[in-house]
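One structure is given here, and the rest of the page talks about it.
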Amino acid sequence: MRYVQQNTTIPVPTIRGYGQSEQLTRDSCTQQAFLIMDKLPGQSLQLQRLLASTEERRQHFYAALGNILAQLDTLRFIRPGYLMLDYGDSAKPLIESSLSIAENDLKINTGWSRTAPTKFNSASDAIEHYYHILADVFQVPMADASEETIKREIFAVYSLADQLSKMLDRDQKSGAFSLSHVDLRCQNILVDDDLHITGILDWEWAAVLPRQLCAPPSWITGHDPDSAGFLNKSIYPEFREAMETSEFERGCLSQWNQASLSIAQILRHPHHLLPIYYEYIYPNIYDRPFSQTAKKFFAVHDHDRVLQERLEASRLYTEFLLDRGLFVRDDLTQRLREILLESDKLNETLNLDRYK
């Protein structure tokens, strides 16, 4: 946060003190880290309130958010990674190896995570690492997983491997790397009563990423399933329109096409794989319903073997949870299955004559 405060006009809390390995509670067996910082004015952004506001206020908000993203884009580095404090020079941070939100969740949930290289040599290396984390996430057994869901996961992960090279132009593979907040959810954006941005919070996951992954937050681009009830298709066009008014901010827009945004959001948020891939990516690659594409794909022995292994792992994991009274049905996952099946059946009905 100090680096951002010293190099941009982005409103962040002023750090007053910090430490680690301190005993801050009465429990003498544990130690804590701490961070003391100023409280910023304002309240967390509410998406409903933003959408219900006047066009003028929305445009002002989008322009301000775009300016924040553009300022972060100007903070360039020679390689990707996470900024760490250099105790010898507080004005010059160190760049450490990657530990993304997805990697952290994987380590917490399974006790294992992929070892990241000490240094990434290129944008290609960094994006490939994020792809491997995505693949690792979907190797973790899922309770009560349907065959249809697992098929869609396997197919999407394989398909993305073919799409990644298209994100990297030949002259960009060596990489341009910029600072990204990574976690710009609405609750991390403080605004006043007029929707002026008064603060950006929670920088613990801020990372230096290949510019191809420095995307706007997913609730802006329409890729956030968790906000699906609030989202409408006007948010991203309005956001782009607001950024077009400034030459400084327009520099970011050229790298934000729908294909690259979709892949960037998936790599940063692996749990959004299915809704993003099958709404934004699959229809632009294949002109047949998934059921027909999957039939050919899983006719390949290696692909079918992976499917059978995943199904067996899910069965065993579900039995393990049931035997111990730990199984909880995930209604959201079940609803996602139903939506995907309904969508596929609708596509088959509407396009049946094309496939005869």
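Only Lys, Arg, Asp and Glu carry charge here, each on its Cβ (+1 for the first two, -1 for the last two); on that basis segment 183-285 has a dipole of about 520 debye about its Cα centre. Estimated from the Cβ-Cβ distance and a Förster radius of 45 angstrom, the FRET efficiency linking THR245 and PHE320 is about 0.20.
Using the alpha-carbon atoms, what tilt in degrees (0 to 90, nearest 10) does helix 147-167 show relative to the longest principal axis of the chain? For 147-167 against the chain, the angle is about 50 degrees. For a Förster distance of 35 Å, can you work out the FRET efficiency between the beta-carbons of ALA313 and LEU47, rounded to the nearest 0.05? FRET efficiency, ALA313 to LEU47: 0.40.
Packing, taken as the mean count of other beta carbons within 10 Å per residue, orders the peptides 250-259, 193-202 from highest to lowest as 193-202, 250-259.
Identify which of the listed values of Kirkwood radius over Cα pairs in Å was calculated from the structure shown: (i) 22.6; (ii) 27.3; (iii) 21.5. Structure-derived value, by its label: (i).
Quick check: the angle from helix 235-244's long axis to the longest principal axis of the chain, C-alpha only, nearest 10 degrees? Approximately 40 degrees, to the nearest 10.
Holding the Cα-Cα limit at 30 Å, pick out from LYS92/LYS166; LYS166/LYS295; LYS119/LYS166 the pairs that are longer than that. The pairs that break the limit, which is 30 Å between Cα atoms, are LYS92/LYS166. Between the helical axis of 301-323 and the longest alpha-carbon principal axis of the chain there is an angle of about 70 degrees.
Measuring from centroid to centroid over Cα atoms, what is the spacing of segment 59-84 and segment 199-263 in Å? Using only Cα atoms, the two centres lie 11 Å from each other.
Rule-based calculations on the coordinates, nothing more; no lab input. Here the structure is a predicted model, which is why all the values come from computation and not from measurement. Cβ atoms come from the backbone with ideal geometry, glycine included; neighbour counts cover every protein chain shown.
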